[in-house]
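For reference, the structure discussed in these notes is given below.
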Amino acid sequence: MKVIISFYLLFLNIFGFYMAAYSSTMQDDNSKSISVKFEAESSIINPQYMEVVNDNRLSQYKGIALKEKASSAIKGERTDPDLFFEITLPQGRYILRTHTFTDCEGAELMKKATSKFESLYTRIQIDNERPTQRVIYVPWDVRTQTLGIFYFKGDKQSLKLWLPKGVRLDYIQIQSYTPPPIPDRVADYIPPYTPPPGRPRLWLNNQSLDIIKERLNKGENKVYWEKLSNKALTPYNIEYEYNKEITYDPELETTARYKAFYYLMTNDKVIGEEAIKLMTGYLSRVEFGNLLDITREIGRAIYSASLVYDWCYELMSTNDRKILFENLIRLAEEMEIGWPPFKQSVLTGHGSEAQIHRDLLAMSIAIYDEAPMPYKYCSYRILEELVPMRNWQYQSPRHNQGVNYGAYRSQWDIHAAWLFYRMAGKEVFDKNLKRFPYYWLYMRLPNGQMLRDGDGFNTGKPEEFYYWKSPETLFLFYTYANDSKLKGEFMRQGGAINDPMLFLLLNDPDLKADENLKDLPLSIDFGPILGSMIARTGWNIGMESDDVVAEIKGGGYHFGNHQHSDAGSLQLFYRGFQVADLGVYGFYGTPYDMNFNKRSISHSMMLAVDPDEFFDNRVTSNDGGTRFNQRHPDSPEVAMNDPWFNNGTVISTDFGPSSKTPRFSYFSVNLKNAYSDKIEDYTRQFCFVNLENDTIPALIVLMDKMITANPNFKKYWQINSHTKPVISNGRFVLENRMRERVGKTYVQLLTPKSGTYSVELLSGRDANSSFGTKYEIPSREMTRNLPETNGHRFMVSPLKPQKSDHFLASFQVVAGDQKPIDISCTETNDNYFLSFEDYLLAINKETELTDSPFPMVVPECGHPTQQVVIMGLKEGLWNISNDPGSVNFDVEVLPDKNTIYFQMTSGTYKITPRK
């Protein structure tokens, strides 16, 4: 704590002013922490409007509420408070919390609420200070609300409240505020890069300033410069009421930023002074309150003020700098990550967003000359925590938080990369950061949407073309990577962002966009950190596209938060989703979210039910899926060495014979560690075959071998779909459509045999369940009437209890009423052999790679030769021969690929490892 006190006194003395609100209220380590509780009924109430109510839910069975016919005065409709407490506390800052319940009226309001903006507010005032509004109740029924940090003078003071309709105040809790502790490892940290002397230093320096000026009227930049200039030169008139807080004003913040940028580009001092006046007046009055996720709006204000501080530094008076400086630190303390900024992780969650990566980093760079400690904190968190983790994670070019949250959160990684690069001329992240956005190119579906991944909102009506977009993220990445292919995707997403200032800072108009995707490989292996493979038959986007896109997941690590328990899950798209994820993301942490949306049961994957398994306090039902993880590792070393984060191991990935247009794409993963110890061993093998046929474009083979610790743990092989499947004689017919064009998938279960298993089909509301426990779908408007909310699940379960079971299935994709092709399946002790068209696939039956010889029969098929793919072989040299000796050649099986591909005529062959 002494370090924090010294830091504050240091930067105050540099400026020559003293902030009593900070220095006098810093609590010493030896000071006594205070926590006091005030029952609502002990307050002094306004009997004209308020009454004491009896309620068994309240701590003393009594509370305070507005009278039935009384109206609320949250916006200052009356000056006399509804109730107040006379409070005497030692001088200092304190956290205020309220505990409330809703009455019938409030409960109905919260039930109808569709967003956080329909929360219930209270009005607070201490003595005659500026009153403020704070959230007192939220739609997801959290009864205790932290209202914020408030300063008490040490004398007897009056804490005044005005209550909303619909709530009953139980009590208020007042507790001493203690800033987040600074980790010991930070004390001696010396940043490898520091802000250079002189200004500017945010987004540009003296060297890049000239380059940006030269580009202002060049190419696509010109229209952005005209737009920004028009806004910067337009007066922004605002008048402030005495002793009244203002809520955040994004338009004012934007105008101030643009005026500061215009001054930087033109040296127009009049416009620069307007930027300073706007920001000093605003920052000294704005209050953000305690609305959920308000930290993002607080951060934007800090960021905007930091730009004005840096870019208009020479124009500002000492008092201007004092106002901005004081309020930057004031607002930093209100961020979720706290100040000093060690309250949250920077690796996942809200701490991995703009708070450190842009907002506080920008602040620390701007005020570095006056106070170097903030930069020390922020640079440590980015350079020593964030960068090593991302360098490791982005070995897999996809985001662990999924399509939507990944797009949002990765843009803050690239903000940090850009800010350091423009400040110090150093690329602090590994070069793999530049290839990461290809994730979204491969996730793209023909109807413009994306394969589902994590919590998200990337869905639209199935009959409409909906092109999922995140243009600002693509913009930041293509400019940083100088990648024409990513710029091409940016152009497909509209080729525009809403922030002309950011565009002018980063865009090189000489970089030409490449919108052609057809030179990219059709299949991608996502590597060891987030194991997965996507295979497709083409890059055609549009409602007339007949491309097939399939994804298999599993292996690597689990990072919690918005990542789902979906190791091993399958998705398949052809004229709509054939094999689909169910579940939609509404409010985080609801019973539906934790027990269905994020859980394995909403995905097409294997389940195994140990009736005694416990997942988490928030997971009240047992779906038989993988472990439930909402924690994240603090470093790559923790992820690799702590079994909790192990999400299985990728065994093999291969595609060929052409790497650009492969005929087959193979993925094998051991998923034992993704589950609890109810699983002794489990592998899932996936082979996607591009048949290059207009009416039967692709076929997938899926093989599972699962061994449970107890033969009585019931296994379920589950497939989910948007439309109801037709089930008959071991065949399941899935169907979907894009407008009038129907696509079908014939799922043929080859093992176990018909008659040895049961099939359960759950549809609609019954599908939104976990073994009998049904969950209500969120009421958010965006989630209503989507296919994922009214889907279907069919589950195959062996009738005979045994520890080990095989499940072998083919998924044959066909157009409309096209008849499926015949598939022949034979079995030996070691392998399954599937023959169809001119293909023969050999799939290892065991969980381990094989190094034993085995025979193989290539049947007559009506083609001169067959394409043979043998999967699951141990690395090394293998020999292929026939009995007459007319065929005898060696093939090297590569590690981590473990396949052989060749073309061969019909006959009997021997596959033998060379010892």
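The numbers here are math on the coordinates, done by the rules we state, and not lab data. Everything quoted here is computed from the prediction, not taken from an experiment. Cβ coordinates were reconstructed from backbone atoms using ideal geometry, including for glycine residues, and neighbour counts include every protein chain displayed.
List of remarks:
- Separation between Cα centres of the range 703-752 and the range 560-590, rounded to whole Å: 16 Å
- The range 417-477 - Kirkwood radius from inverse mean 1/r over Cα pairs (Å): 13.8 Å
- Cα centroid of the range 825-897 to Cα centroid of the range 43-76, whole Å: 78 Å
- Seen from Phe614, the other residues with C-beta closer than 12 Å to its C-beta sum to a net charge of -1, counting Lys and Arg as +1 and Asp and Glu as -1.
- Counted by neighbouring Cβ atoms within 10 Å, the residues Phe38, Phe732 run from fewest to most as Phe38, Phe732.
- Rounded to 5, the percent of DSSP beta bridges in the chain classed as antiparallel: 95 percent
- Each residue of the range 307-321 was assigned a 3J(HN,Hα) from its phi angle through the Karplus expression (A = 6.51, B = -1.76, C = 1.60, θ = phi - 60°), giving 5, 4, 4, 6, 6, 10, 4, 5, 7, 7, 7, 4, 5, 4, 5 Hz with x at Gly and Pro.
- Sequentially through the range 505-510, phi angles give Karplus couplings (6.51, -1.76, 1.60; θ = phi - 60°) of 5, 10, 6, 9, x, 7 Hz, Gly and Pro residues having no value and appearing as x.
- Gain upon complete extension [Trp644, Tyr151; 0.36 nm per residue less C-alpha separation]: 173.2 nm
- Reachable lysines from Lys343, criterion Cα separation under 24 angstrom, eight or more residues apart if same chain: Lys2, Lys32, Lys116, Lys376
- Close amide H partners of Met738, meaning residues 5 or more places away or on another chain with modelled amide H under 5 Å apart, are Gly743.
- Residue order for Tyr242, Tyr675, fewest other beta carbons within 10 angstrom first, comes to Tyr242, Tyr675.
- All lysines inside 18 Å of Lys897 as judged from Cα atoms, apart from same-chain residues fewer than 8 positions distant: Lys553, Lys660, Lys845, Lys874
- Amide H within-cut-off set for Thr723, under 5 Å, with H built and near neighbours excluded: Glu735
- Crossing angle, helix 402-424 versus the chain [Cα axis fit, 0-90 degrees, rounded to tens]: 60 degrees
- Nitroxide proxy distance, nm - points 7 Å out along Cα→Cβ at Asn206 and Ile190: 2.5 nm
- Summed residue charge, Cβ within 14 Å of Ser532's Cβ, Lys/Arg positive, Asp/Glu negative: 0
- Sorted into 10 angstrom bins from 0, the C-alpha pair distances of the range 245-339 split as 17, 52, 25, 5 percent.
- Between Ser659 and Val733, the FRET efficiency estimated from the beta carbon spacing at R0 = 35 angstrom works out to 0.55.
- For the range 634-665 and the range 126-163, distance of Cα centres in Å: 51 Å
- On Cα atoms only, tilt of 2-15 relative to the major axis of the chain in degrees: 60 degrees
- With 0.36 nm allotted per residue and the present C-alpha distance subtracted, the Glu239-Thr828 stretch has 203.7 nm of extension available.
- Acute angle (nearest 10 degrees) that the helix 206-215 long axis makes with the longest principal axis of the chain, alpha-carbon atoms: 70 degrees
- Taking the range 822-915 and dividing mean pair separation by its residue count, relative contact order in percent (alpha carbons under 8 Å, at least six apart): 29 percent
- Listed from fewest to most Cβ neighbours within 10 Å, the set Ser158, Ser410 follows the order Ser158, Ser410.
- For Ser72, the residues whose amide H sits under 5 Å from its own are Lys165, ignoring neighbours fewer than 5 places away on the same chain, with H placed 1.01 Å from N.
- Only one item in (1) -0.67, -0.85, -1.03; (2) -0.81, -0.95, -1.10; (3) -0.60, -0.78, -0.97 matches log10 I(q)/I(0) by the Debye sum over Cα atoms at q = 0.07, 0.08, 0.09 Å⁻¹ derived from the coordinates shown, and that item is (1).
- Listed peptides 353-363, 480-490 by packing density, highest first (mean Cβ within 10 Å): 353-363, 480-490
- Proximal lysines relative to Lys269, as straight alpha-carbon distance under 25 Å, when same-chain residues fewer than 8 apart are discounted: Lys213, Lys218, Lys222, Lys227, Lys231, Lys259, Lys277, Lys322
- Note that the range 687-694 has calculated 3J(HN,Hα) couplings of 9, 9, 10, 7, 7, 6, 9, 5 Hz, one per residue in order, obtained from phi through the Karplus relation 6.51 cos²θ - 1.76 cosθ + 1.60 (θ = phi - 60°); glycine and proline are x.
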